[in-house]
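As structure tokens, the structure follows; a few thoughts come after it.
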Amino acid sequence: MIEAVGLTKTYGDTVAVDGLSFSVPPGRVTGFLGPNGAGKSTTMRMILGLDNPTAGHALIAGRRYRDLRRPLRTVGALLDAAWVHPNRSARTHLRWLARSNGIPAGRAEEVLEAVGLAPAADRLAGGFSLGMAQRLGIAGALLGDPEVLLFDEPVNGLDPEGVRWIRGLMHRLADEGRTVLVSSHLLSEMALTAQDLIVIGRGRLIAQCGVEEFVARATESSVRVRTPDAARLRALLEGEGAAVHDEDGALIVTGAESSFIGEMCAANGVVLHELSLLRGSLEEAFMRLTGDALDYQAVQEQEGAGR
């Protein structure tokens, strides 16, 4: 488990993280989301002891990172895939990491195989593509077989097959009972990967909940209905206060549950060809709940405001 308690980080007059508290449970993939400049990377660096908090503290498996005798055996992290020395091979880099934490050298071969880098084990890291560097960073995170893992933008540079692979890896790690925290700006990918969310803006907690709850809280669900008797059904629904509009030969209904619509159709002899629930997207929910926390606006928005 990861616990953040009142985490605060200031740089002069700038507050990067402001009294942030949350917990990341084991057995789940937790997405860590926020607009650019929200404090995600700073928070992850404080969890890993790379930045000292101005106030508050973070615990990994009940202990501060600096108190972990062999940290790679407890927590693995990928924050920056480019930090590897360019003149070291992938194998040498991982063996060096292993030796520093009392991990058997053979474990380097295992993780190279696991991330698909075994054929490139003796190539110098400086010649790696971004996708290969990401895989090497993930291998380093897995090296100590840790119970807690943190990934910051892990799919950067990966091709579609690589993205699918890292998604499956995170789910497997969580299914094994490990704690997995992943930060990404790719909301479509987070919708497929994360089960829970921690959402921050301007260094403060906006929400911590499941993905479905987050989307339901911020967006309005609607129901898609297709029927040969659309005009009569529309009149019935509007008579009950529901809002109805046409879209591609179907009725899109808000303000009425799908069960209510189905029962209404049965009671009034209306034939149904389709009755399906339409939910908002994670992207839509994110934009609605973090809109006030944006530090930067698109150029088009700024120009539009000045007209």
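For this structure, a couple of remarks:
- The stretch 220-278: C-alpha gyration tensor shape, a/c 1.5 cut-off, then a/b vs b/c: rounded
- Charge context of VAL15, other residues only, Cβ under 10 angstrom, K/R +1, D/E -1: +1
- Local electrostatic count, ASN156, Cβ distance below 12 Å [Lys/Arg +1, Asp/Glu -1]: -4
- Between the listed residues PHE214, LEU97, ALA256, the Cα displaced farthest toward the positive end of the dipole of the chain, a dipole computed from Cβ unit charges relative to the Cα centre, is found at LEU97.
- Computed from label points 7 Å out along Cα-Cβ, the spacing between HIS245 and ARG69 is 6.4 nm.
- Whole-Hz ³J(HN,Hα) from phi, Karplus 6.51 cos²θ - 1.76 cosθ + 1.60, for the stretch 68-82, glycine and proline x: 7, 5, 10, x, 5, 7, 10, 9, x, 8, 10, 10, 8, 5, 8
- With θ taken as phi - 60° and the Karplus curve 6.51 cos²θ - 1.76 cosθ + 1.60 applied, the whole-hertz 3J(HN,Hα) list for the stretch 44-53 is 5, 5, 5, 4, 8, x, 7, 10, 8, x Hz, x standing for glycine and proline.
- Amide H contacts of THR10 (H built 1.01 Å from N, under 5 Å, at least 5 apart or other chain): ALA16, THR54
- 15 Å beta-carbon shell around ALA121, net charge (K/R +1, D/E -1): +2
- Crossing angle, helix 90-100 versus the chain [Cα axis fit, 0-90 degrees, rounded to tens]: 70
- Normalised contact order of the stretch 1-62, rounded percent, pairs of Cα under 8 Å and 6 or more residues apart: 47
- Sequence-separation-based contact order of the chain, relative, with Cα cut under 8 Å and 6+ spacing, percent: 21
- Least to most buried among ASP18, ASP67 (fewest other Cβ within 10 Å first): ASP67, ASP18
- In this simple spin-label model, placing a label point 7 Å from the Cα along the Cα-to-Cβ direction at both THR254 and SER276 gives a separation of 2.0 nm.
- For ALA207, the amide hydrogen comes within under 5 Å of the amide hydrogens of VAL199, counting only partners 5 or more places away or on other chains and with H modelled in the peptide plane.
- Percent antiparallel among DSSP beta bridges (both partners in the chain, rounded to 5): 65
- Think of it as helices only: each DSSP H run of n ≥ 4 in the chain is worth -39500 (n - 2.57), and spread over all residues that comes to -10500 deg cm²/dmol at 222 nm.
- Of (i) 19.6; (ii) 21.5; (iii) 22.0, the label for Kirkwood radius over Cα pairs in Å derived from the coordinates: (iii)
- Close amide H pairs (under 5 Å, H built 1.01 Å from N) link GLY49 with no residue at least 5 positions away or on another chain.
- Spin-label zone in the stretch 223-260 - amide nitrogen under 17 Å from a point set 7 Å from the Cα of ALA266 along the C-beta vector: 257-260
- Peptides 243-249, 51-57, 154-160, 181-187 ranked from most to least packed give 181-187, 154-160, 51-57, 243-249, packing being the mean of other C-beta atoms within 10 angstrom over each peptide's residues.
- Label sites at GLU176 and ALA230, each approximated as a point 7 angstrom past Cα along Cα to Cβ, lie 5.2 nm apart.
- The 3J(HN,Hα) values that the Karplus relation (6.51, -1.76, 1.60; θ = phi - 60°) gives for the stretch 195-200 are, in residue order, 9, 10, 9, 10, 10, 10 Hz. Gly and Pro appear as x.
Laboratory data are not the source of any read-out in this text; all were calculated from the coordinates shown. As the structure is a prediction and not an experimental result, all values here were calculated from the model. As a convention, Cβ positions derive from the backbone with ideal geometry for all residues, glycine included, and neighbour counts pool all protein chains shown.
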